[in-house]
Amino acid sequence: MAVPLSNLAPNLIVSKLCLGTMTFGEQNSLFESFKIMDKAFDSGINFFDSAEMYPVPQRAETQGRSEEYFGRWIRERRIPRDRVVFATKVSGPSGQMTWIRGGPTNLDSKNIKEAIDNSLLRAQTDYIDLYQIHWPDRYVPMFGETDYDPERQYSHVSFDEQLDALGRAVDAGKIRFIGVSNETPYGVMKFLQAAENNSAYPRIASVQNSYNLLCRNFDSGLAECCHLERVGLLAYSPLAMGLLSGKYLLPDGGANDARLNLFKGRYSEGESRYNLSNTTIREATKAYVSIAERYGIHPVSLAIGFVLRHPLVSSTIFGATKLWQLEQVVSACDVKLTPQIIAEIDNVHSMFPNPCS
């Protein structure tokens with residue numbers, strides 16, 4: 001099933017599932033990545049999400065490979081460019097990824113223009129369908145943080161300058177639509193306000209934030225913004241980095257090549273947000289897996305089905321390192337959650353509200 005990205009982008013038709021590419025070039029070889037994209041495309045998925053910093057865990061030697069692999073796949077498979085929707089992202093301020101534009105201190109117009117041009121070169125494409133700000137230029141709690149600390153605020157590039165740079169790229173035909181990621185209600189509304197005040201600026205069409213059974217923060221504030229302002233949600237991490245599949249609850253702790261095992265100690269963002277040593281996260285995960293078992297459905301189907309039923313979700317972004325994982329997610333689209341199942345999910349949520357963020 002395909003739908004418009006949002007009311008603000010009616011001509012950008014995206015599949016309800018979006019294949020995230022952040023394992024391509026690290027966990028997945030070029031050959032494996034091609035096979036996964038082949039299967040996704042043949043299954044009706046036309047939407048592919050990447051970022052200039054991918055793959056993860058991020059390092060200088062592999063940076064940009066995910067975009068490169070996607071671009072090579074299009075060319076070598078001779079897929080018409082208008083048959084796929086390509087989304088990618090510009091990295092926000094980072095003192096750690098010094099190999100990306102010297103470790104960008106901000107998202108000024110120079111950094112945004114350079115990032116767009118580099119992504120186009122890596123993917124060897126004339127345009128990007130959806131270009132997103134990966135995380136805010138300003139300080140906000142994110143990637144496992146929850147509490148806002150006013151002492152950590154610092155000067156940042158204005159919303160106007162960011163939109164002006166993105167608008168120039170739209171006018172030049174380099175990108176079609178823009179979006180934000182890991183954003184707050186304040187940030188979404190400030191971007192929208194700036195665009196309303198200046199008709200030369202593009203309006204954000206989507207927000208890509210985490211949304212899953214363990215993290216429903218979107219529903220508290222941001223959902224109202226997106227609904228009333230006609231912005232679509234691209235829900236990433238619907239399986240909470242694999243936790244909701246139940247594989248890490250197995251006696252052996254999951255396969256050695258499962259991401260949280262394979263990169264243990266090397267992937268601070270994932271480990272801080274999705275840590276089963278946190279009792280609340282573990283108990284909530286067990287409770288959701290138990291619901292799936294009681295109703296005879298796979299935990300992946302429960303998790304994916306829950307996200308897909310949200311009326312504001314335009315597409316659900318998932319990752320797969322193996323073909324059977326992709327097939328499992330695709331088949332989950334056929335599972336409909338009954339009101340009774342939703343009631344049980346909400347009961348668990350009331351006991352363990354948003355243990356992941």
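Okay, here's what the table says:
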{"quantity": "Pairs of alpha carbons in segment 139-268 whose separation is greater than 25 Å (percent)", "calculated": "41"}
{"quantity": "Mean separation of Cα contacts under 8 Å (6+ apart) over length of segment 1-98, as relative contact order %", "calculated": "28"}
{"quantity": "Set of lysines with alpha-carbon distance to Lys336 below 28 Å, sequence-local pairs under 8 removed", "calculated": "Lys16, Lys39, Lys247, Lys286, Lys322"}
{"quantity": "Segment 132-228, accessible surface, carbon-and-sulfur percent (1.4 angstrom probe)", "calculated": "47"}
{"quantity": "Under 13 Å, Cβ to Cβ, from His349 - net charge with Lys/Arg +1 and Asp/Glu -1", "calculated": "-3"}
{"quantity": "Vicinal HN-Hα couplings computed from phi for segment 24-31 (Karplus, 6.51 cos²θ - 1.76 cosθ + 1.60; Hz; Gly/Pro x)", "calculated": "6, x, 10, 6, 10, 6, 4, 4"}
{"quantity": "Glu327 paired with Asn347, simple spin-label distance in nm, labels 7 Å along Cα-to-beta-carbon", "calculated": "3.5"}
{"quantity": "Peptides 134-142, 238-246 ordered by average Cβ neighbours within 10 Å, highest first", "calculated": "238-246, 134-142"}
{"quantity": "Accessible area, probe 1.4 Å, largest first, for residues Lys113, Lys16", "calculated": "Lys113, Lys16"}
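The values are calculated or read from the model by the stated rules, or taken from the named source; none is laboratory data. The structure displayed is predicted, hence computed values, not measured ones. For neighbour counting, all protein chains shown are included, and Cβ atoms are generated from backbone atoms with ideal geometry for every residue, glycine included. For the accessible areas, the whole protein counts, side chains as well, though only heavy atoms, and no ligand, DNA or RNA atoms are used. Shrake-Rupley method; radii C 1.70, N 1.55, O 1.52, S 1.80 Å.
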